[in-house]
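Contents: one structure, followed by commentary.
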Amino acid sequence: MKNLIDLYKKESNNAFLSIPTKDIETFVNMVIKAYTNEQKVFACGNGGNVASVQNLVLDLNMHPFVSEDKSARKGGRNKFQAISLCDSGATITGITNDLGFENIFAEQLKYQASKGDILFAMSGSGNSGNVIEALKVAKEKGMICVVMTRNLITKSDEYADLMLRITSENSTFPGQTGGNNNNFHYEDCISSVSHIAVGILKQYVENEN
């Protein structure tokens with residue numbers, strides 16, 4: 001068991017280190033620009049990635065604007081909204097029933113998003129049909145498209161302004177599906193990138209006030 005735990009720690013670290021720092025920096029700057037320009041940040045994903053979507057959205061909306069002991073808000077107002085496209089069971093099932101599952105994210109963007117907003121799409125394969133449809137709509141609306149994936153070649157490359165891509169060797173840690181292509185570590189990396197963006201945004205907001 002010790003060897004497996006050490007293996008996981010090593011692989012997860014290597015996966016995160018494989019994402020170029022300049023790409024993470026670009027993403028953080030996008031988030032800060034969205035904040036200063038009062039734009040929206042939309043996020044979407046499937047399955048386990050939905051938890052990462054929810055965590056990112058909660059942290060962006062709340063964390064930079066509360067006091068250190070979290071007892072009250074402080075500083076200036078939150079200038080933007082982070083929005084999960086995975087939130088509403090009614091919306092998702094309604095769109096699925098009427099227009100098909102591949103449109104659950106795209107249809108929401110049609111009526112909520114504006115030019116200059118960000119779409120942060122989480123897709124391990126980079127080929128999820130509903131993510132691709134969302135990216136198509138986002139590009140049509142002039143949004144900024146960010147995709148986080150663990151594959152080297154994906155359908156989403158055609159639409160993304162920024163690819164946050166894991167390029168480390170495939171994982172050999174047990175319990176993963178899909179050929180052990182860093183499935184677990186991919187989710188670790190989403191959390192790390194999200195926390196970096198939130199932390200630096202918090203510092204920016206504090207320095208602004």
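The values are calculated or read from the model by the stated rules, or taken from the named source; none is laboratory data. The structure presented is a predicted model; accordingly, all values stated were derived computationally and were not measured. Reconstructed Cβ throughout: ideal geometry from the backbone, glycine too, with neighbour counts over all protein chains shown. Keep in mind that these areas ignore ligands, DNA and RNA; they rest on the heavy atoms of the full protein, side chains included. Shrake-Rupley method; radii C 1.70, N 1.55, O 1.52, S 1.80 Å.
A few points about this structure:
- Residue selected from segment 185-209 under the condition at pLDDT below 90 and open to solvent by 40 Å² or more (accessible area, probe 1.4 Å), by the criterion farthest from Met30 (Cα to Cα): Asn209
- Leading residue by the ranking (nearest to the chain's Cα centre (by Cα)) among those in segment 85-124 that are open to solvent by less than 40 Å² (accessible area, probe 1.4 Å) and small (Gly, Ala, Ser): Ala121
- For His63: the one exception among (1) open to solvent by 70 Å² or more (accessible area, probe 1.4 Å); (2) assigned to a helix (DSSP H, G or I); (3) within 16 Å of Leu201 (Cβ to Cβ): (1)
- Cβ-Cβ contacts under 8 Å between residues 6 or more apart (or on different chains), taken from a first residue in segment 52-68 that is closer than 15 Å to Phe120 by Cα to a second residue that is open to solvent by 30 Å² or more (accessible area, probe 1.4 Å) and charged (D, E, K, R), are listed as Ser52/Glu187; Gln54/Asp87.
- Members of segment 144-184 that are modelled with pLDDT under 95, open to solvent by 60 Å² or more (accessible area, probe 1.4 Å) and within 28 Å of Asp117 (Cα to Cα): Leu152, Ile153, Thr167
- Filter pass, Ile132 being modelled with pLDDT of 95 or more, out of contact with any strand residue (DSSP E or B) (no Cβ under 7 Å at 6 or more places or on another chain) and open to solvent by less than 40 Å² (accessible area, probe 1.4 Å): yes
Yes/no matrix, rows are residues, columns are (1) in a helix (DSSP H, G or I); (2) touching an Asp or Glu at 6+ places or on another chain (Cβ under 9 Å):
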| residue | (1), (2) |
| --- | --- |
| Ala15 | yes, yes |
| Val28 | yes, no |
| Phe42 | no, yes |
| Ala51 | yes, yes |
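- Per the conditions (1) out of contact with any strand residue (DSSP E or B) (no Cβ under 7 Å at 6 or more places or on another chain); (2) without any contact (Cβ under 8 Å) to a residue 40 or more places away in the chain; (3) within 19 Å of Phe105 (Cβ to Cβ), the sole criterion not satisfied by Asp161 is (1).
- Odd one out for Glu140, checked against (1) open to solvent by 40 Å² or more (accessible area, probe 1.4 Å); (2) within 23 Å of Tyr111 (Cα to Cα); (3) in contact (Cβ under 8 Å) with a residue 12 or more places away in the chain: (3)
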